[in-house]
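Each remark here refers to the structure printed beneath this line.
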Amino acid sequence: MRTENPLDLTQAAYLCGGRRRAALVAVLALRDDRVIGFTGRQVQALGPDGSNQLERAVVAALPAGGLPLSTLLTTVAGLPAMAELKASLVERGLLSRWFPGRLTAFGRQVRRSLREHAIGTYRVAVAGPRAIVVPELRRLFEGRDRQDAVRREAPV
C-alpha cells in the first residue's frame, strides 16, 4: 500500500542508504538524546532506551563494557528490528516485494524528494556521514580520528 505519510528518520536513512545508514542515524539520534556516549570509538549506554524500536534494539545490543562503533553499526544492521524497518518500507510501497533491496518507482520519487529537500538530521539520513556538521563526530563516523588524520598529513 502506497502512503504519503512522512518517513521517520530511520526510514528515510534506509531508503537513501540502506541498513548501515539507518544504523548510523539511529546511533546519532541516541547520542543526541544522551542515551549513548562515545569514549574515542567505543560506544556505551548511558541512559534509558531509545524512542523507537530500532533505537531500543541499538541500546539492547550494547554490552556493559560497550562496543567499538564499527562493530555496533554492523551488529545493528543485522538486527531483527532492521528487517522490520525494511518490511515497513515494503508495506508503504517504497521497496519492492519481489526484488529485495530495490526501490519502487514511488520509492525513487520519495528518495529524490528527500535528496532535494532534506534539512538538519535528515541531511545525514540522505547523504551519510559527510553531512554531519561537527567535524570530530563526522571523522568518527567516517572511520577517521585525529591520529589517522595526522598520520595521513605527516610528511613521509
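The values are calculated or read from the model by the stated rules, or taken from the named source; none is laboratory data. These figures come from a predicted structure and were not determined experimentally. Positions of Cβ are backbone-derived with ideal geometry, glycine not excepted, and every protein chain shown enters the neighbour counts. Surface accessibility is based on the protein's heavy atoms, side chains included, excluding ligands, DNA and RNA. Shrake-Rupley method; radii C 1.70, N 1.55, O 1.52, S 1.80 Å.
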Across region 66-104, what is the total count of residues that are of a type outside the set (Phe, Trp, Tyr), over 16 Å from the mean Cα position of the chain (by Cα) and open to solvent by 70 Å² or more (accessible area, probe 1.4 Å)? 4
I'd like to check something: does region 54-70 contain any residue that is out of contact with any Ser or Thr (no Cβ under 7 Å at 6 or more places or on another chain), hydroxyl-bearing (Ser, Thr, Tyr), part of a helix (DSSP H, G or I) and modelled with pLDDT of 95 or more? no
Scanning region 1-53 for residues that are outside any loop (DSSP other than H, G, I, E, B) and of a type in the set (Ser, Thr, Tyr), which turns out modelled with the lowest pLDDT? Thr39
Where Arg41 falls short, out of the listed (1) under 21 Å from Val133 (Cα atoms); (2) out of contact with any strand residue (DSSP E or B) (no Cβ under 9 Å at 6 or more places or on another chain): (2)
Residue pairs qualifying under the 8 Å Cβ cut-off, at least six apart or on distinct chains, with the first in region 18-47 being within 13 Å of Leu137 (Cα to Cα) and open to solvent by 30 Å² or more (accessible area, probe 1.4 Å) and the second being in a helix (DSSP H, G or I) and basic (Lys, Arg), are Phe38/Arg31
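Could you identify the single residue in Arg111, Arg146, Arg115 that is modelled with pLDDT of 95 or more, of a type in the set (D, E, K, R) and either closer than 17 Å to Arg19 by Cβ or open to solvent by 60 Å² or more (accessible area, probe 1.4 Å) (or both)? Give the derivation first.
Details: Arg146 fails: modelled with pLDDT of 95 or more; Arg115 fails: modelled with pLDDT of 95 or more.
None of the others qualify; the one that does is Arg111.
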